[in-house]
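A.B. asks: I'd like to ask some things about the structure below.
Every number here is computed from the coordinates shown, using simple stated rules; none is lab data. Note that the structure is predicted; figures quoted are calculated from it, not measured. Virtual Cβ from ideal backbone geometry, glycine too; neighbours counted across all protein chains shown.
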Amino acid sequence: MDAKQKSDIKEKIISDIASIEKDIISLEEKSQPITPDCSLGRLTRQEMMQEQQLYLHNLQENKKRLNRLRFALSKVDNEDYGECKECEENIDFNRLFLIPESVYCVSCLEELNGE
Ligand SMILES: [Zn+2]
């Protein structure tokens with residue numbers, strides 16, 4: 001990876017973190033517990049609760065990704081950033097750009113998932 005690619009990835013991580021932080025704030029608002037005295041019909045209320053579950057789930061996923069991205073940001077300047085943890089080959093740049101928190105190359109990931 002050259003210096004230009006590295007700085008591109010760094011910018012990508014920073015912008016991903018910013019957009020996830022925004023998502024988390026809005027999901028936290030949306031997943032607030034529904035007040036019992038809310039004067040809606042039964043079905044609507046059930047739908048709202050299902051929606052709330054979905055928001056909570058997305059919130060958890062976003063928080064996990066945020067942690068991984070922050071970790072990636074702390075590692076991006078290291079020599080070994082972008083190396084696969086399994087085979088130590090360089091991870092494909094396009095993949096890293098898409099998912100900067102990647103720690104495995106595609107073929108190792110497939111092998112790990114295929115177990
Ligand atoms: Zn690998």
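A.B. asks: In whole Hz, what ³J(HN,Hα) sequence does the stretch 13-22 give by Karplus (6.51, -1.76, 1.60; θ = phi - 60°), x for Gly and Pro?
C.D. replies: My calculation for the stretch 13-22 gives 4, 4, 6, 4, 4, 4, 6, 5, 4, 5 Hz in order.
A.B. asks: Structure shown: which of LYS30/LYS63; LYS63/LYS85; LYS4/LYS63 lie over 26 Å apart, alpha-carbon to alpha-carbon?
C.D. replies: Over 26 Å apart, Cα to Cα: LYS4/LYS63.
A.B. asks: Follow-up. For the stretch 89-99, take each phi angle, set θ = phi - 60°, evaluate the Karplus expression 6.51 cos²θ - 1.76 cosθ + 1.60, and give the result in whole Hz per residue in order, putting x for glycine and proline.
C.D. replies: 7, 6, 6, 3, 4, 4, 5, 5, 5, 6, 10
A.B. asks: Subtract the Cα-Cα distance of LEU98 and LYS4 from 0.36 nm times their separation in residues, and report this length gain in nm to one decimal.
C.D. replies: Result: 32.2 nm gained on full extension.
A.B. asks: Same structure again: Calculate one ³J(HN,Hα) per residue across the stretch 102-114 by plugging θ = phi - 60° into the Karplus curve 6.51 cos²θ - 1.76 cosθ + 1.60, and present them in order as whole Hz with x for glycine and proline.
C.D. replies: Per-residue couplings from phi come out as 4, 10, 10, 6, 4, 5, 5, 4, 4, 5, 5, 6, x Hz.
A.B. asks: Then there is this: Of GLN60, GLN32, ILE13, which is farthest towards the positive pole of the stretch 3-81's charge dipole, taken about the Cα centre with +1 and -1 on the beta-carbons of Lys, Arg and Asp, Glu respectively?
C.D. replies: Positive-most Cα among the choices belongs to ILE13.
A.B. asks: Collect residues whose amide H, placed 1.01 Å from N in the peptide plane, falls under 5 Å from the amide H of GLU83; neighbours closer than 5 in sequence don't count.
C.D. replies: For GLU83, the qualifying residues are ILE91.
A.B. asks: So what is the 222 nm mean residue ellipticity for the chain from helices alone, if each DSSP H run of at least 4 adds -39500 (n - 2.57) and you divide by all residues, rounding to the nearest 500 deg cm²/dmol?
C.D. replies: Mean residue ellipticity at 222 nm (helix-derived): -22500 deg cm²/dmol.
A.B. asks: A follow-up question, please. Given a cut-off of under 8 Å on Cα pairs at least six residues apart, what relative contact order in percent is computed for the chain?
C.D. replies: 30 percent
A.B. asks: Moving to a separate point now. How big is the chain by Rg and Dmax over its Cα atoms, in Å?
C.D. replies: Both quantities, over Cα of the chain: 19.1, 59 Å.
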